[in-house]
Amino acid sequence: MTGPLTATLDRPVRSGAPARPAVSVWIEDAGRARLTPGALRRLVHDRRVTGLACGPHVTTEELRRACAALSAAGGGPVSAELTVRGAGDAAALLGEARVLHGLVARPGLLVCVPAAPRALPAVADMLAEGIGVHVAWIGSAARYGRVLDAFRAGLERARAAGLDLSRLHTAASVPVRRIDAVVDARLDAVGGHETAALRGRAGLATARLVRRAHHDFLASPRWRALAAAGAREPRPVWSLGGPPVRSGESDILSGLAELAAPGATVALPEDALGALDGQPTVTPAGPAGGGADDLRHADARRTLSFLDWYGISAEDSAACIERRGLVRMLPGM
């Protein structure tokens, strides 16, 4: 008999402990103050953090230290933003990624780039050279699909070059709350009582469509061939940072019950970790697939259709999100 699956927040697993479904927790915008030995110890061992997405001003030594701390605790990767100034392009991104990858020289490092179209060609190039990649600020399921295509192309080139695919990590972040913030501002501009019912729904709708795109990708023959060669499954990351988008909303876990699933990764600002205290488990909607997932997918498509009826295009909103990521991460591009 089946029932709702309880996903526990990920902790380092003790030797001999049974495996269990887990929701991994990353810290967003981890700054230098969070990368001291003491701060890392508290994050990893006391706060159950399994990954870090670091800001742009972190030093090479701090990145090495973070990678070592997470690796020793059985945790996940450390994502580091590139800093490319001036007339940046895909070639410049690849050059900076090579430098950062070589300086840090730790297998847990992911080079973080935005999902903007002009940055994506560098993603496949990085993977082809054995550099792990984290693509951030993905604003739509369509863009997520293009990111997965870049991952696949890069991994196929890495396989052709004889690289060990099991050592290459990939992650792709969807900023759920920031999508809501962009769409809700446009709903406010439209006005009317009917639009109020759509507030705070665009981010979750996007995440649902991304989940479907992710599982369709995993079922493709080309991905199955890569998996058979040792490739690791790309990691979707649900970013829950950003301002509250519903009146009176204060619970950071409001979107987690829907998005949590075995192996899911949720990225939070550090000051939101307190919301996890006393919340050792969450009950997710369940794995993608089956009738329940079909209903969630249909509801997501209806939400975007309603928004489109009010003149709010999902792709335009996604482009706004991606431009913000580009300006923040790669202002020269």
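The values are calculated or read from the model by the stated rules, or taken from the named source; none is laboratory data. Keep in mind that this is a model prediction, so the values were computed, not measured. Every residue, glycine as well, gets a Cβ built from its backbone with ideal geometry; the counts of neighbours run over all protein chains shown.
Pick from Ala80, Ala53, Ala115: which is out of contact with any His (no Cβ under 6 Å at 6 or more places or on another chain) and without any contact (Cβ under 8 Å) to a residue 40 or more places away in the chain? Quick ask: steps written out before the conclusion?
Numbers: Ala53 fails: without any contact (Cβ under 8 Å) to a residue 40 or more places away in the chain; Ala115 fails: without any contact (Cβ under 8 Å) to a residue 40 or more places away in the chain.
Every option except Ala80 fails the conditions.
I need the full set of residues from region 144-184 which are in contact with a helix residue (DSSP H, G or I) (Cβ under 8 Å, 6 or more places away or on another chain), at pLDDT 95 or above and not aliphatic (A, V, I, L, M), in order please.
Listed by number, the residues that qualify are Tyr144, Gly145, Phe151, Arg152, Gly154, Glu156, Arg157, Arg159, Thr170.
Please go through (1) farther than 18 Å from His134 by Cβ; (2) in a helix (DSSP H, G or I) for Ala66 and return the number of the only condition it doesn't satisfy.
Among (1) farther than 18 Å from His134 by Cβ; (2) in a helix (DSSP H, G or I), the lone unmet condition for Ala66 is (1).
Could you look through region 227-268, keep only residues that are out of contact with any Gly (no Cβ under 9 Å at 6 or more places or on another chain), among the hydrophobic types (A, V, I, L, M, F, W, C) and crowded, with 20+ Cβ neighbours inside 10 Å, and pick out the one that is modelled with the highest pLDDT?
Top of the filtered list is Ala231.
Name the one entry in Gly102, Gly55, Gly76, Gly51 that is touching a strand residue (DSSP E or B) at 6+ places or on another chain (Cβ under 6 Å) and either at pLDDT 90 or above or more than 25 Å from Ile321 (Cβ to Cβ) (or both). Walk me through it before giving the result.
Values: Gly102 fails: touching a strand residue (DSSP E or B) at 6+ places or on another chain (Cβ under 6 Å); Gly55 fails: either at pLDDT 90 or above or more than 25 Å from Ile321 (Cβ to Cβ) (or both); Gly76 fails: either at pLDDT 90 or above or more than 25 Å from Ile321 (Cβ to Cβ) (or both).
Step by step, each of Gly102, Gly55, Gly76, Gly51 is checked, and only Gly51 is touching a strand residue (DSSP E or B) at 6+ places or on another chain (Cβ under 6 Å) and either at pLDDT 90 or above or more than 25 Å from Ile321 (Cβ to Cβ) (or both).
Do we have any residue at all in region 141-160 that's closer than 19 Å to Glu233 by Cβ, hydroxyl-bearing (Ser, Thr, Tyr) and part of a strand (DSSP E or B)?
So far as region 141-160 goes, no, none of its residues is closer than 19 Å to Glu233 by Cβ, hydroxyl-bearing (Ser, Thr, Tyr) and part of a strand (DSSP E or B).
Within region 204-219, identify whether any single residue is at pLDDT below 85, more than 27 Å from Ala158 (Cβ to Cβ) and touching an Asp or Glu at 6+ places or on another chain (Cβ under 8 Å), and answer yes or no. Spell out how you get there, then give the answer.
First, pick out the residues of region 204-219 that are at pLDDT below 85: none.
No: zero hits.
Please enumerate the residues belonging to region 204-244 that are assigned to a loop (DSSP other than H, G, I, E, B) and not aliphatic (A, V, I, L, M).
At the first step, the residues of region 204-244 found to be assigned to a loop (DSSP other than H, G, I, E, B) are 219-220, 229-234, 240-244.
Correct list: Ser220, Gly230, Arg232, Glu233, Pro234, Gly241, Gly242, Pro243, Pro244.
Could you figure out which of (1) surrounded by fewer than 16 Cβ atoms within 10 Å (Cβ to Cβ); (2) of a type in the set (Val, Ile, Thr); (3) closer than 22 Å to Trp238 by Cα isn't true of Val113?
Against the list (1) surrounded by fewer than 16 Cβ atoms within 10 Å (Cβ to Cβ); (2) of a type in the set (Val, Ile, Thr); (3) closer than 22 Å to Trp238 by Cα, Val113 comes up short only on (1).
Anything in region 29-57 that is among the aliphatic types (A, V, I, L, M) and buried (at least 21 other Cβ atoms within 10 Å of the Cβ)? List them, or say none. So that I can check it myself, show each step before the final result.
Taking region 29-57 and keeping what is among the aliphatic types (A, V, I, L, M), we get 30, 33, 35, 39-40, 43-44, 49, 52-53.
Those that are among the aliphatic types (A, V, I, L, M) and buried (at least 21 other Cβ atoms within 10 Å of the Cβ): Ala30, Leu35, Leu40, Leu43, Val44, Val49, Leu52, Ala53.
Do we have any residue at all in region 284-295 that's in a helix (DSSP H, G or I) and modelled with pLDDT under 70?
So the first thing to find is which residues in region 284-295 are in a helix (DSSP H, G or I), and the list is 290-295.
Now restrict to residues that are modelled with pLDDT under 70: 290.
The answer is yes, given that some residue of region 284-295 is in a helix (DSSP H, G or I) and modelled with pLDDT under 70.
Hey, could you check region 137-153 for residues that are in contact with an Asp or Glu (Cβ under 8 Å, 6 or more places away or on another chain) and either under 17 Å from Ser79 (Cβ atoms) or among the β-branched types (Val, Ile, Thr) (or both) and say which is surrounded by the most Cβ atoms within 10 Å (Cβ to Cβ)? Reasoning before the result, please.
Residues of region 137-153 that are in contact with an Asp or Glu (Cβ under 8 Å, 6 or more places away or on another chain), as a first pass: 137-140, 142-143.
Going one step further and asking which of them are either under 17 Å from Ser79 (Cβ atoms) or among the β-branched types (Val, Ile, Thr) (or both), we end up with 137-138.
Details: Trp137: 25, Ile138: 29.
So, considering only residues that are in contact with an Asp or Glu (Cβ under 8 Å, 6 or more places away or on another chain) and either under 17 Å from Ser79 (Cβ atoms) or among the β-branched types (Val, Ile, Thr) (or both), the one surrounded by the most Cβ atoms within 10 Å (Cβ to Cβ) is Ile138.
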